[in-house]
Amino acid sequence: MVYWIDMKRYNPKEIEPKWQQIWRETNVYTANLASDKPKYFAFGMFNYPSGNLHVGHAMNFTISDVKSRFKRQQGFESYHPVGWDSFGLPAENYAIKKGISPQESMAQLIPDYQEKYQKMGWSDDWEKEITTSEPEYYKWTQWIFVKMHEHGLVYQDSRWQWWCTKCQTVLANEQVIDGKCWRHDGKDDLIVEKKEVKQWFFKITEYADELLEAVDALDWTESVKLAQKNWIGKSQGAEVMFEVAGSKETITVFTTRPDTLFGATFMVLAPDHALVREITTPDKLDEVEAYIKATAKKTEVERQASKEKTGVYLGVNAINPINGQEIPVYIADYVLSGYGTGAIMAVPAHDERDNAFAKAFDIPIVQVVDSADNSSVQDFYSGYGIAVHSGPYDGLTSKKAGQKIVDDLANKHLAIQKTNYKMRDWSISRQRYWGAPIPVVNCPDCGPVVLKEDQLPVVLPELTDFKPSGDGRSALARAKDWLITTCPDCGKTAERETDTMDTYVDSSWYMMRYLDPQNQSQIFDSNVANQWMPVNFYNGGDHATAHLLYARFITRFFSKIGLLDNPEPFKQMLYNGKVIAKDGTAFSKTLGNGPDPLEIIEQGYGADALRTYLMFAAPLELGARWDPQGVPGAHRFLSRLWNIVQEYIEAPAVELATDQSKKILLIVHKATKKVTDDIEGNRFNTAIAACMEAVNKLYLLKTELPFGQNNVWLEAFEALAMLVGPFAPHIADELWQLLGHSDSIQRDHWPIVDTQYLQVDTFTLVVQVNGKVRAQLSLASDVTKEQALEAAKADSHVQEFINGKDVKKEIYIPGKLVNLVV
RNA sequence: GCGGAUGUGGUGGAAUUGGUAGACACGCUAGCCUUAGGAGCUAGUGCCGCAAGGCGUGAAGGUUCAAGUCCUUUCAUCCGCACCA
């Protein structure tokens with residue numbers, strides 16, 4: 001009873017560094033990629049080393065670490081890789097802020113992370129570490145550009161793009177948040193503007209259909225799958241040509257509702273549509289120019305904020321091809337140049353936005369779909385119905401009318417069936433220094449020449465001044481020694497491309513490089529990659545769309561060119577929630593107001609308690625609400641486990657009767673089953689709860705049974721050490737050692753469920769009368785229905801409720817309950 | 001606006017196919033113990049009620065012997081996307 005007084009207290013500060021050192025020295029986490037064992041490849045989304053290790057990192061990487069450790073303990077060859085997504089704007093901005101070069105800042109940041117990763121107790125394989133900003137890596141990022149080009153998937157084009165004056169770079173749409181640059185979204189930061197920029201594109205749209213079709217089969221968080229589908233945004237429809245009256249020009253629109261063509265009473269072009277200046281009548285030009293200018297300043301947020309529709313009549317009409325009617329042509333900011341053809345036929349009777357515009361500009365509204373007498377409910381809700389006021393098409397269903405209208409116009413070359421995608425090609429150009437140089441030489445005679453594989457890598461020169469050049473080009477424009485080269489085709493003096501690649505390119509193929517990080521002659525060895533791909537488990541709390549889509553695109557490309565068998569990169573993807581503050585607000589990286597994981601560890605709670613709390617706090621998909629009492633609570637649990645094992649070790653040998661052993665083994669095997677199933681199913685919180693419950697029950701049992709050295713008690717504590725291993729690996733190894741083992745628990749040690757110990761002799765039968773619980777009876781497991789009902793009715797308390805009444809119905813659920821209806 | 005979730009004690013959250021609502025933990029209360037600690041141990045802790053009992057999973061209906069779970073309506077919060085033609 002008082003053993004604990006002499007016992008060694010649980011001291012993570014002592015055992016955690018000890019095991020971290022042993023793990024390092026014995027390379028337990030070094031994966032043998034050629035192993036014959038079943039393989040498991042798991043990791044969290046690539047770390048961007050832009051500052052400190054925060055609690056979000058702790059959350060993300062512990063999740064994949066738990067999965068990885070679980071499989072490793074189960075006997076898998078488990079590979080939990082580690083690397084740095086070190087190129088990119090945040091790193092460059094950080095370096096500017098610190099007044100050092102990005103190379104130097106990485107040289108400082110990465111070792112700091114390395115140390116902290118080890119203190120978190122993650123089972124990272126440091127032998128295969130990769131860094132995207134090293135030439136050994138980005139040579140192959142450039143190689144992808146070359147290969148993409150070879151396969152016709154690269155082109156150069158000018159586009160209106162979001163432009164951040166602070167970053168001096170183009171922003172992707174997804175990088176514009178609330179009208180501001182994603183990295184400069186503070187109160188004082190300016191709203192970004194649009195600027196026409198020449199840039200390089202990857203033709204991801206060519207893969208749109210297959211990327212879409214493959215989504216359903218993925219074992220991914222459903223909301224992420226949906227986001228993928230919405231991002232691709234496939235829609236079926238038609239392109240219809242409208243001649244401009246008194247001009248040779250034609251306006252092409254995309255519509256999903258060609259059946260409403262008779263209701264098109266005006267047209268709208270996006271303000272930056274190429275035809276606007278061509279067709280506007282001279283008297284309207286000033287007004288149009290002013291509107292274009294005003295729109296360019298506006299953000300999409302501002303455009304949407306105003307419910308009132310604005311626009312300008314161009315002074316010309318277009319001819320509706322279906323009925324020859326002249327309809328006015330406008331520009332309006334509610335039409336976007338980035339979608340479809342950047343022009344619409346407006347049908348105010350059947351589109352809310354068109355309707356608002358028509359009302360504001362006093363344009364006729366013609367109903368052409370009668371949805372009143374719909375036969376199908378589905379049609380009714382989708383706005384479909386029977387064509388009216390549509391000439392020869394009257395009476396047809398919307399679907400048939402649309403089809404016939406397109407067919408008829410197609411015969412006159414005025415329409416064509418068309419599938420449209422919301423997804424646009426991937427702009428990979430960045431006018432930034434800190435990225436992989438795009439492997440192109442711009443020759444005055446030959447134009448842009450893409451380099452050959454043997455001319456790679458194009459090494460990024462180290463610059464002292466790496467701020468953007470200010471002319472829209474990157475700092476590389478100033479590195480004359482590097483910039484000036486000879487054309488590989490004609491040998492004349494030429495300049496290198498000064499754009500660098502989007503970091504999303506770096507992070508879209510790293511999972512394969514993890515499998516062959518030192519390969520000098522190939523991007524990776526396909527034989528090895530095919531053994532390990534797709535990644536078994538991938539998780540993160542960000543980048544639900546772009547990164548995952550790009551990774552899928554690149555992987556699919558590799559598969560097409562014969563580098564990989566499987567076209568999908570991630571078999572399972574868990575989109576985990578974030579760690580948020582107690583008041584429900586987000587921890588801000590910029591404010592740095594989150595709890596510091598290392599501080600918590602150093603305080604004496606240890607990494608095991610931190611990890612256990614994070615995994616216990618909530619289901620992974622929900623994310624954890626940070627509770628300052630949480631880590632102490634987890635520490636308390638680990639202490640209890642520690643103490644009972646200590647007590648066991650110091651106690652003398654005891655004998656246990658069979659029924660006593662069974663009590664212990666029931667607890668252990670029940671917990672083993674629960675923890676095994678729950679980790680498999682990513683329900684870490686209930687897995688940990690099961691461990692806690694088992695420990696609590698063993699504490700109770702130790703007071704009622706002989707407690708001390710005995711194989712059954714030993715089995716119980718060994719099992720618990722193994723079960724907590726994925727969450728609290730240090731204490732697991734320490735307990736394992738204290739229980740007499742000389743090997744590490746980390747590989748091939750996971751308890752097996754023996755179902756014979758799950759059998760119980762008695763169970764609790766719940767007795768309800770009219771659905772209300774009136775008694776709980778302990779009965780033998782093999783009780784018959786008759787016996788159970790008899791016992792239920794015989795209970796004195798139940799008697800009070802059924803006495804003198806007619807039992808009209810008897811419900812019996814074997815092993816669970818009886819419900820008597822009176 | 002559209003799409004997706006989520007609503008359960010003071011708090012985070014548990015609850016196979018509908019079958020004991022509140023596991024596990026935090027917090028709180030009381031007691032014990034002591035090397036007085038960031039301890040540890042034991043008991044209690046949904047609400048009302050002395051009790052018997054009643055009420056209780058955002059709200060309102062419904063199906064059922066039985067509903068957190070299924071159906072209908074509705075409210076709130078959060079997250080995506082955003083004038084997508």
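What is the number of the single condition among (1) farther than 28 Å from A:F201 by Cα; (2) touching a residue at least 24 places away in the same chain (Cβ under 8 Å) that A:A586 does not meet?
(2)
Checking A:E213 against (1) of a type in the set (D, E); (2) open to solvent by 20 Å² or more (accessible area, probe 1.4 Å); (3) touching a residue at least 24 places away in the same chain (Cβ under 8 Å), which single condition isn't satisfied?
Only one criterion is unmet by A:E213, namely (3).
Just a yes or no: is a residue in segment A:276-285 within 16 Å of RNA strand B (Cβ to nearest atom) and either assigned to a helix (DSSP H, G or I) or at pLDDT below 90 (or both)?
yes
For segment A:574-581, does any single residue satisfy the condition of being more than 16 Å from RNA strand B (Cβ to nearest atom) and more than 25 Å from A:V675 (Cβ to Cβ)?
No, every residue in segment A:574-581 fails to be more than 16 Å from RNA strand B (Cβ to nearest atom) and more than 25 Å from A:V675 (Cβ to Cβ).
State whether the residues of segment A:428-443 include one that is touching a Pro at 6+ places or on another chain (Cβ under 6 Å) and part of a loop (DSSP other than H, G, I, E, B).
yes
Please determine, by comparing only the residues of segment A:611-657 that are near RNA strand B (Cβ under 6 Å from one of its atoms) and in a loop (DSSP other than H, G, I, E, B), which one is least open to solvent (accessible area, probe 1.4 Å).
Out of the qualifying residues, it is A:A618.
Within segment A:700-713, can you find the residues that are closer than 27 Å to A:W19 by Cα, open to solvent by 40 Å² or more (accessible area, probe 1.4 Å) and out of contact with any strand residue (DSSP E or B) (no Cβ under 6 Å at 6 or more places or on another chain)?
A:N711, the sole residue that qualifies.
Residues of segment A:116-170 being surrounded by fewer than 16 Cβ atoms within 10 Å (Cβ to Cβ) and touching a Cys at 6+ places or on another chain (Cβ under 7 Å), which ones?
A:K166
With respect to A:K663, is the statement that it is at pLDDT 90 or above, among the charged types (D, E, K, R), open to solvent by 20 Å² or more (accessible area, probe 1.4 Å) and away from RNA strand B (no atom under 13 Å from the Cβ) true?
Here the answer is yes, as A:K663 does meet what is asked.
Give the residue, chosen from A:D489, A:D481, A:D465, that is assigned to a helix (DSSP H, G or I), open to solvent by 60 Å² or more (accessible area, probe 1.4 Å), more than 22 Å from A:R159 (Cα to Cα) and not basic (K, R).
A:D481
All but one of (1) surrounded by fewer than 19 Cβ atoms within 10 Å (Cβ to Cβ); (2) over 24 Å from A:I204 (Cβ atoms) hold for A:L409; which doesn't?
All conditions pass for A:L409, except number (1).
Please state which one of A:N566, A:N539 is at pLDDT 90 or above, open to solvent by 50 Å² or more (accessible area, probe 1.4 Å) and more than 10 Å from RNA strand B (Cβ to nearest atom).
None of the other options fit; the residue is A:N566.
Only one of (1) under 32 Å from the mean Cα position of the chain (by Cα); (2) open to solvent by less than 10 Å² (accessible area, probe 1.4 Å) fails for A:A494. Which number is that?
So the condition that A:A494 fails would be (1).
Could you look through segment A:252-267, keep only residues that are near RNA strand B (Cβ under 8 Å from one of its atoms) and open to solvent by 10 Å² or more (accessible area, probe 1.4 Å), and pick out the one that is farthest from A:D394 (Cα to Cα)?
Selected residue: A:F254.
If the requirement is being of a type in the set (G, A, S), buried (at least 17 other Cβ atoms within 10 Å of the Cβ) and within 16 Å of RNA strand B (Cβ to nearest atom), which of these qualifies: A:A690, A:A716, A:A721?
Result: A:A690 is the single residue among A:A690, A:A716, A:A721 that is of a type in the set (G, A, S), buried (at least 17 other Cβ atoms within 10 Å of the Cβ) and within 16 Å of RNA strand B (Cβ to nearest atom).
Six or more apart or on different chains, Cβ under 6 Å: which pairs go from a residue in segment A:614-628 that's more than 11 Å from A:F684 (Cα to Cα) to one that's open to solvent by 30 Å² or more (accessible area, probe 1.4 Å) and more than 6 Å from RNA strand B (Cβ to nearest atom)? Could you list them?
Here the result reads A:G623/A:K578; A:R625/A:I580; A:W626/A:K582, each pair linking segment A:614-628 to a residue that is open to solvent by 30 Å² or more (accessible area, probe 1.4 Å) and more than 6 Å from RNA strand B (Cβ to nearest atom).
For segment A:674-681, indicate whether the set of residues that are within 11 Å of RNA strand B (Cβ to nearest atom), of a type in the set (G, A, S) and under 17 Å from A:E718 (Cα atoms) is non-empty.
Within segment A:674-681, not a single residue is within 11 Å of RNA strand B (Cβ to nearest atom), of a type in the set (G, A, S) and under 17 Å from A:E718 (Cα atoms).
In segment A:763-780, how many residues are within 47 Å of the chain's Cα centre (by Cα) and either more than 9 Å from RNA strand B (Cβ to nearest atom) or basic (K, R) (or both)?
The number of residues fulfilling the criteria is 1.
The values are calculated or read from the model by the stated rules, or taken from the named source; none is laboratory data. Quantities reported herein were computed from a predicted structural model and do not represent experimental measurements. Methodologically, a virtual Cβ is constructed for each residue, glycine included, from the backbone with ideal geometry; neighbour enumeration extends over all protein chains shown. The protein model used for the area step is the full one, side chains on, heavy atoms only, and it has no ligands, DNA or RNA in it. Shrake-Rupley method; radii C 1.70, N 1.55, O 1.52, S 1.80 Å.
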